[in-house]
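Chemist: One structure follows; several queries about it will come next.
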Amino acid sequence: MVAAFVWFAIAKRSLTTWILVSMLIGGELGHDWPAIAINFQVLSKVFLQLIKTIIAPLLFATLVVGIAGHSDIKQVGRMGWKSLVYFEIVTTIALFIGLAAINISQAGVGVPQPPAGHEVLPATKPQNWQDIILHIFPENIAKSIYHGEILPIVVFSVIFGIALLMVKDKMRQPMLDFCGSLSETMFKFTNIVMYFAPVGVGAAIAYTVGHGGLDVLGNLFKLLITLYAALAVFVLVVFVPVALIIGLPIRRFIKEISEPVSIAFATTSSESALPKAMEAMERMGVPRKIIAFVMPTGYSFNLDGSTLYLALASVFVAQAAGTPLTWPQQILMVFTLMLTSKGVAGVPGQPR
């Protein structure tokens with residue numbers, strides 16, 4: 001069976017095909033040889049760490065070029081506020097869809113409670129509104145890059161780009177050329193890393209199946225069904241109408257994003273798909289300056305799937321704990337998540 005998958009991938013000669021085939025191979029290896037498959041986790045971690053090295057310089061370079069590359073700061077401002085208004089509207093819709101879905105399915109009701117005396121995790125210090133605001137602004141950009149904190153990197157890059165736009169052309173151009181060169185280099189860097197994507201993706205699936213078996217999602221199957229149903233509703237209610245309004249060629253769009261979507265799905269990392277997604281949008285004819293501003297900013301302010309999941313998972317946990325939230329409490333939670341969900345980590349294990 002494995003040999004058949006490999007020959008199919010060789011015949012197709014497509015990175016997307018190789019990634020999908022590697023997922024199947026990884027699942028079979030994890031099922032047949034779990035003791036060996038769990039050791040493959042290191043390969044998936046290598047891939048994710050390589051991806052993490054791309055994100056910060058790519059975000060910085062593309063945002064600076066996307067902002068300072070415009071001759072008119074008012075044009076940047078118009079593009080910025082329009083993007084942010086759209087981001088806030090669609091993420092808020094996503095939150096309410098997630099909230100409705102989990103209340104309809106009641107997926108967390110009936111989860112077995114741990115026995116008395118069961119060890120619980122230590123309580124964490126809750127953040128107040130001042131902590132949330134302070135987290136947006138970097139105190140040390142190198143520290144934010146080290147910890148993979150996307151939102152402070154975006155804020156720093158935006159302010160840097162605006163400052164660069166305000167200086168004289170003679171002083172601006174060298175830095176603009178440097179950022180443009182850095183952006184192009186990081187895209188080539190991404191192309192090199194993507195050759196390792198099938199190995200990293202296959203290893204991630206092999207480890208997951210080998211560690212927990214094919215029924216690794218058994219206890220959370222109802223939650224997953226609820227999540228994917230809510231995401232499907234979100235796509236039909238929000239994305240499809242928007243695509244029709246702007247005249248987006250949906251078939252071509254689906255074809256172009258198939259590769260970054262498969263990478264993000266298999267690695268559970270949206271950041272791993274960012275470089276390929278930006279390249280896909282450029283192939284569709286979107287101007288580089290718009291891509292360079294909107295997509296990196298969207299990775300902090302327009303995480304629709306993540307915000308939907310936050311609303312859904314929060315109520316699920318409350319249901320599972322036997323302490324269901326009242327509607328006023330849920331509405332308050334939604335309005336809180338409207339602000340606090342910005343900058344949710346796109347790589348597993350990063351701080352939120």
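The values are calculated or read from the model by the stated rules, or taken from the named source; none is laboratory data. Just so it is clear, the model here is predicted, and its values are computed rather than measured. Don't worry about glycine lacking a Cβ; one is built from the backbone with ideal geometry, like all the others, and counts go over all protein chains shown.
Chemist: Could you check how many residues of the stretch 68-110 are of a type in the set (Asp, Glu) and part of a helix (DSSP H, G or I)?
Modeler: 1
Chemist: On to the next question. Among the numbered conditions (1) modelled with pLDDT under 80; (2) in a helix (DSSP H, G or I), tell me where Ile54 comes up short.
Modeler: Ile54 satisfies all of (1) modelled with pLDDT under 80; (2) in a helix (DSSP H, G or I) except (1).
Chemist: Let me ask another. If you go through the stretch 15-24 one residue at a time, do you hit one that is over 19 Å from Ile263 (Cα atoms) and out of contact with any His (no Cβ under 8 Å at 6 or more places or on another chain)?
Modeler: no
Chemist: Can you name the number of the only condition in (1) over 21 Å from the mean Cα position of the chain (by Cα); (2) surrounded by 14 or more Cβ atoms within 10 Å (Cβ to Cβ); (3) at pLDDT below 80 that Thr190 fails?
Modeler: Result: Thr190 passes all but (1).
Chemist: Taking the stretch 156-185 as the region of interest, how many residues are among the charged types (D, E, K, R), closer than 17 Å to Pro296 by Cα and touching a residue at least 60 places away in the same chain (Cβ under 8 Å)?
Modeler: The qualifying residues number 0.
Chemist: Checking Glu139 against (1) loosely packed, with under 14 Cβ neighbours inside 10 Å; (2) assigned to a helix (DSSP H, G or I); (3) at pLDDT below 90: exactly one of these is not met. Which one?
Modeler: The single condition Glu139 does not satisfy is (2).
Chemist: If you go through the stretch 59-67 one residue at a time, do you hit one that is at pLDDT 85 or above, surrounded by fewer than 17 Cβ atoms within 10 Å (Cβ to Cβ), in a helix (DSSP H, G or I) and β-branched (Val, Ile, Thr)?
Modeler: Looking through the stretch 59-67, none of the residues is at pLDDT 85 or above, surrounded by fewer than 17 Cβ atoms within 10 Å (Cβ to Cβ), in a helix (DSSP H, G or I) and β-branched (Val, Ile, Thr).
Chemist: Go over the candidates Leu325, Leu310 one by one and state the one that is assigned to a helix (DSSP H, G or I), farther than 24 Å from Leu50 by Cα and not polar (S, T, N, Q).
Modeler: Checking each option against the conditions leaves just Leu310.
Chemist: Tally the residues that are among the charged types (D, E, K, R), closer than 14 Å to Gly69 by Cβ and loosely packed, with under 14 Cβ neighbours inside 10 Å, restricting the search to the stretch 145-177.
Modeler: 2
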